[in-house]
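J.: Sharing a structure, written as structure tokens. Questions coming.
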Amino acid sequence: MSILPVILDTDPGVDDALAMMLALSSPELEVLGVSVVSGNVPLATGTENALKVLGLMGRTDIGVYVGADRPLVRDPVYAKEVHGNTGLGQARLADPGVAVAGDGVAFLVETLTDRPGEVMLIAVGPLTNLALAEQQSPGVLQKARQVVVMGGAIREPGNSTPAAEFNFYADPDAARCVIQSGAQVMLVPLDVTHQVILGREMLEKEVASQNTDRSRFLMDAVQDMLRFAEQTGGREGIYLHDPLAVGVAVAPELFEVETMRLDVETQGELTAGQVVADLREIREEIRQGRKVHCTIRVDCERFLGLFLGRVLGRGSLS
Ligand code: RIB
Ligand code: CA
């Protein structure tokens, strides 16, 4: 098995933390570093959380790189109602006492430039860091082996507004920059992340009963998300948005992919961050937008088995 070098660009965030845990528990991946961006919580909080999650996983050898503290153009928006004020729900992790390793945008530019075609970027927050890297070094995103992006909503409503998903809504200008960069983008939109729900019953049966540091963290971290889901959507469980982006890297066979032409709205009063896919029944060459690979379906049962098995340290259940 060849090991895939990856960089996680993230706004931790509960599901970001779960994505980090899945990546660090997957032998197929070598996590070169974690770059942090303002999103679910302010940059400083997200940076602290990234360091703490690496401490939980015993991987403080992996560098945390500090990226953008605000979107390219718009004012910052956060999602503390979903992730809690700390960004990790009700979980409390020890501070590993490790310093950050450097600047996030510089880390992206240097790593991609030094290792063209080798490194997979897995971006699970607003795309500000990736856009700044592209602005600093035009064409640098095309040097990534692939850019897996958790973001957007195509045939599915948004979750921040009726039209837009949070990561694209938080920084629509950055999202458009990445989509138009010519990089090999694999989109993981709400269309596929809304297919997988980790429910209370499975949490109680598969997680709470474990009574380990990881299982206790997971149970505490998801409490605010569970409450938010029940209060707003009547759902009895949480979405695993960001872990699914890691899933594309570790188990691509679980996903069905459709290639579309699309772009991102940046000006709309009601539609900023909306993904506009050209789904018209017309000839491919006259469709509008950039050609992007989009995951549209996932084998939910097998993904949940893989996720829980690896994150809880029991090896893949699938
Ligand atoms: O819309 C879901 C995305 O927004 C996830 O990445 C979540 O962590 C938030 O950043
Ligand atoms: Ca995120």
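J.: Would you check if R59 is farther than 20 Å from T111 by Cβ, modelled with pLDDT of 95 or more and either assigned to a strand (DSSP E or B) or not polar (S, T, N, Q) (or both)?
T.: For R59, the condition - farther than 20 Å from T111 by Cβ, modelled with pLDDT of 95 or more and either assigned to a strand (DSSP E or B) or not polar (S, T, N, Q) (or both) - is not met.
J.: Hey, among E30, E48, E81, which residue is more than 18 Å from M150 (Cβ to Cβ), away from ligand 2 (no atom under 13 Å from the Cβ), modelled with pLDDT under 95 and not in a loop (DSSP other than H, G, I, E, B)?
T.: The match here is E81.
J.: I need the full set of residues from segment 202-246 which are assigned to a helix (DSSP H, G or I), β-branched (V, I, T) and either exposed (fewer than 13 other Cβ atoms within 10 Å of the Cβ) or in contact with an Asp or Glu (Cβ under 6 Å, 6 or more places away or on another chain) (or both), in order please.
T.: Once the filter is applied, which keeps residues that are assigned to a helix (DSSP H, G or I), β-branched (V, I, T) and either exposed (fewer than 13 other Cβ atoms within 10 Å of the Cβ) or in contact with an Asp or Glu (Cβ under 6 Å, 6 or more places away or on another chain) (or both), segment 202-246 yields only T232.
The values are calculated or read from the model by the stated rules, or taken from the named source; none is laboratory data. All of these numbers come straight from a predicted model, not from anything done at the bench. FYI the Cβ positions are ideal-geometry reconstructions off the backbone, even for glycines, and counts take in every protein chain you see.
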